[in-house]
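Notes to accompany the following structure.
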Amino acid sequence: MRVDKFLWAVRVFKTRSMASQHCREGKVFVDGKAVKPAREVKVGEVVNVRKGAVMFSHEVVSFPRSRVGAALVPDHMRDVTAPEEKEKLEMIRLAQQDRPKGVGRPTKRDRRDWEKAFRS
């Protein structure tokens, strides 16, 4: 199965075009190498997806026939994301909560402060 179709089918991305775009931008990796959307994935391979500052890792268990419901996703992939990455995601969520609602978009200065805080 194509990597973009797989990521869409197991609900990593909302649309297949978003999955393809991430592949074209070099944000999807298999075996440590950036892949194109048409790359065929095999059972047992680990697909890494960079979303923002966090690298998510998913192991292919089986291939769905089409897009599956959220309850069926564990039948087709296993989340093998490193605990450090999950902590980073939680820190980003907490940092975004510090900003009062309705204040508007974060400024460039805010972004730089966040990058300094989360750079490892």
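For the Cα atoms of the chain, what angle does the longest principal axis make with the long axis of helix 83-97, in degrees from 0 to 90, nearest 10?
Roughly 40 degrees between the two axes.
Pulled fully out, how much extra length does the chain show between residue 57 and residue 34, if you take 0.36 nm times their separation in residues and subtract their Cα-Cα distance?
Details: separation 23, 0.36 × 23 = 8.28 nm, distance 1.35 nm.
Between residue 57 and residue 34, full extension yields 6.9 nm more.
Which whole-percent values make up P(r) of the chain when all C-alpha to C-alpha distances are grouped in 5 Å steps starting at zero?
Going from the shortest bin to the longest, the percentages are 2, 11, 19, 19, 16, 13, 10, 7, 3, 0.
Under 21 Å between C-alpha atoms is the cut-off here; go through the chain and count lysine pairs that meet it, provided they're at least eight residues apart or on different chains.
26
Label points 7 Å out from Cα along the Cβ direction at residue 118 and residue 46: separation in nm?
2.2 nm
Quick check: the angle from helix 108-118's long axis to the longest principal axis of the chain, C-alpha only, nearest 10 degrees?
70 degrees
How much FRET efficiency would the formula 1/(1 + (r/R0)^6) give for residue 67 and residue 103, where r is the Cβ-Cβ distance and R0 is 35 Å, rounded to 0.05?
Details: r = 37 Å, r/R0 = 1.04.
The value I calculate is 0.45.
Gain in length, residue 27 to residue 91, computed as 0.36 nm per residue apart minus the alpha-carbon separation, to one decimal in nm?
On the way: separation 64, 0.36 × 64 = 23.04 nm, distance 2.12 nm.
Working it through step by step, the gained length comes to 20.9 nm.
Laboratory data are not the source of any read-out in this text; all were calculated from the coordinates shown. Only a predicted model underlies this, so the values are computations on that prediction, with no experimental measurement involved. Neighbour counts run over all protein chains shown; Cβ positions are idealised from the backbone, glycine included.
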